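Have a look at the structure below before the remarks.
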């Protein structure tokens with residue numbers, strides 16, 4: 001690379017207010033940050049003098065035994081899910097993904113969010129069966145071994161609870177991490193058998209317009225899904241990030257409906273019944289039919305609509321003085337690929353386009369990144385996403401105008417005032433570098 | 001049939017045969033009859049499809065409720081244990097976070113179905129169908145959706161007029 005292309009960071013142009021820099025600075029397309037050696041200490045924004053080097057104890061002795069299954073370093077013990085029901089009282093249990101402590105796009109399986117409505121069933125995979133019946137030519141039953149012999153597909157896909165981000169329905173900003181606000185979404189690589197393949201086996205009656213999927217959990221939780229989705233991209237998922245599904249994510253098999261409300265992606269799936277009408281199960285009739293302003297109610301929301309949020313920096317972090325930071329977060333949409341993410345550092349007055357870390361998959365997380373030079377003054381960071389279907393993430397005021405907000409502040413992330421929240425999230429950073437959740 | 005046309009038809013058979021072979025599915029599942037699926041085939045539909053035989057009244061449901069449901073959902077469906085849902089509330093949903101109970105459901109079959117498949121929470125699927133009809137009737141009557149002496153069965157329960165029926169809007173019709 002020529003010297004001419006090595007431009008010091010102070011020469012990277014601002015693209016929006018409060019120090020947002022050109023995203024191409026991150027992509028090596030002609031603009032490089034100055035290293036300490038290239039431009040001298042004066043151009044380095046984090047160039048404190050280092051201590052002389054020495055060997056630490058771990059560099060002077062043989063390390064620990066190699067385990068069969070690796071665990072994270074003991075120094076990463078705080079990278080865990082937050083639990084709503086740690087003592088497994090007879091009710092549901094939520095576990096939220098710590099987005100503010102993760103990077104990239106793949107959620108480690110152990111940190112994938114889970115909502116279990118009656119604990120974790122201890123399912124013997126040898127005995128588990130999937131039956132497909134109802135409006136079909138020939139009802140059939142499949143073992144895990146049967147399904148494992150079918151042609152499989154692998155795809156990236158986010159899963160999001162319809163109640164994710166629900167604390168943001170609060171009329172005052174709920175103070176919590178990205179984990180508390182948005183921890184009920186995660187992203188994995190899923191492998192399994194397309195449902196359309198199994199539909200071919202049983203032969204659909206033309207009258208079949210819906211199917212219900214039912215789990216082997218003690219509630220026999222079930223949801224109705226249009227056959228249209230079943231024939232499009234629905235999957236009986238057997239693997240998550242290359243290994244068998246985690247128990248909390250539906251071991252040994254679950255329905256995967258890319259881009260659709262998490263609860264519909266029925267875990268431990270044991271029965272699929274083809275129907276001429278929706279069954280109006282408890283969850284679709286109550287929890288996921290939400291109240292909208294004006295004494296009206298929505299049903300069959302299905303889609304998890306376009307959303308993004310900044311994970312770095314965010315609530316729970318603090319900035320250690322002015323200088324360079326990379327702003328980054330995740331964006332995803334139930335209606336296809338993310339095409340653009342814009343970032344603002346001045347509460348939405350001006351916006352700069354973030355870099356998207358490819359490849360960008362449909363109905364999956366994409367990581368966005370934005371170089372930023374913080375001058376130490378108060379700022380409000382926001383991200384806003386667009387998808388290939390032309391949908392744009394709403395501002396909070398646009399969202400509230402359409403969907404309303406609570407009359408009193410929400411006190412707990414377990415409150416779920418309503419469902420399907422997807423507006424912009426704002427992080428306010430004060431001059432000390434402390435971060436709060438704000439509405440802007 | 002001439003030799004030529006016989007050969008042609010043999011050739012066609014070979015081609016079609018090969019085509020059929022390619023379109024074959026792996027065929028790894030086992031056939032099963034609807035009769036053998038019955039123990040799992042618990043769903044009931046809004047129009048009454050698959051409602052089981054049996055019946056129950058509010059008076060028959062009250063003692064079953066008191067014994068098996070009140071510990072979580074509260075006496076007469078009110079004042080539930082902390083963390084559990086009441087089953088009785090007015091059909092008033094003028095706030096986006098209004099409490100939803102049975103009065104929110106569009107169809108009474110939803111109530112029957114969830115009791116039959118999921119309740120009692122710690123001992124699911126232990127109620128008889130008569131008991132499920134009776135407890136459904138009791139909860140509907142507590143909410144004043146049916147009368148105190150109404151009998152719930154496969155014919156009457158799906159016809160119960162719920163207070164919110166007809167108020168639900170399909171969010172994304174093109175997805176159905």
Requested in this report: Take the Cα atoms of region A:73-137, build their convex hull, and give its volume per residue in Å³.
Outcome: 195 Å³
Query raised in the report: Once Rh is set to the Kirkwood radius over Cα pairs, what Stokes-Einstein translational diffusion coefficient, in µm²/s, holds for region A:335-384 at a temperature of 4 °C and a viscosity of 1.567 mPa s?
Result: 108 µm²/s
Requested in this report: Determine the calculated [θ] at 222 nm for chain B from helices alone, applying -39500 (n - 2.57) to every DSSP H run no shorter than 4 residues and normalising by the residue count; nearest 500 deg cm²/dmol.
Outcome: -11000 deg cm²/dmol
**Report entry** Per-residue average of Cβ from other chains inside 10 Å of A:271-279
**Finding:** 4
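From other protein chains only, count the Cβ atoms within 10 Å of every residue's Cβ in B:108-121, then give the mean.
Mean shielding by partner chains, rounded to a whole number: 4.
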Report summary line: Note to self, chain A gives a 222 nm [θ] from helices alone (DSSP H runs n ≥ 4, -39500 (n - 2.57) apiece, / all residues, nearest 500) of -2000 deg cm²/dmol
Report task. May I ask you to derive the relative contact order of chain B, considering only C-alpha pairs under 8 Å and at least 6 residues apart, and to give it as an integer percent? Result -> 28 percent
Query - chain A - convex hull of the alpha-carbon atoms, volume per residue in Å³ - result: 185 Å³
Query raised in the report: If you line up the Cα atoms of region A:129-279 on their principal axes, what length do they span on each, largest first, in Å?
Result: 55, 35, 29
Query raised in the report: Any idea how far apart residue B:24 and residue A:148 come out in nm if each label point goes 7 Å out from Cα toward Cβ?
Result: 2.4 nm
Report task. Just the number, please: Stokes-Einstein D of region A:346-440 in µm²/s, Kirkwood Rh from C-alpha pairs, 37 °C, 0.692 mPa s. Result -> 209 µm²/s
Requested in this report: Find the Cα radius of gyration of region B:34-168, compare it with 2.2 N^0.38 Å by division, and give the number to two decimals.
Outcome: 1.02
Query raised in the report: Taking the Cα atoms only, what angle lies between the long axis of helix B:58-68 and the longest principal axis of chain B, rounded to 10 degrees?
Result: 90 degrees
Query - Kirkwood-Stokes translational diffusion coefficient of region A:306-348, alpha-carbon pairs, 10 °C, 1.306 mPa s, µm²/s - result: 130 µm²/s
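Here, each number is a calculation from the coordinates, and none is a lab measurement. Please read all numbers here as calculations on a predicted model, not as lab measurements. Quick reminder, even Gly has a Cβ in these numbers, built from the backbone with ideal geometry, and neighbours come from all protein chains shown.
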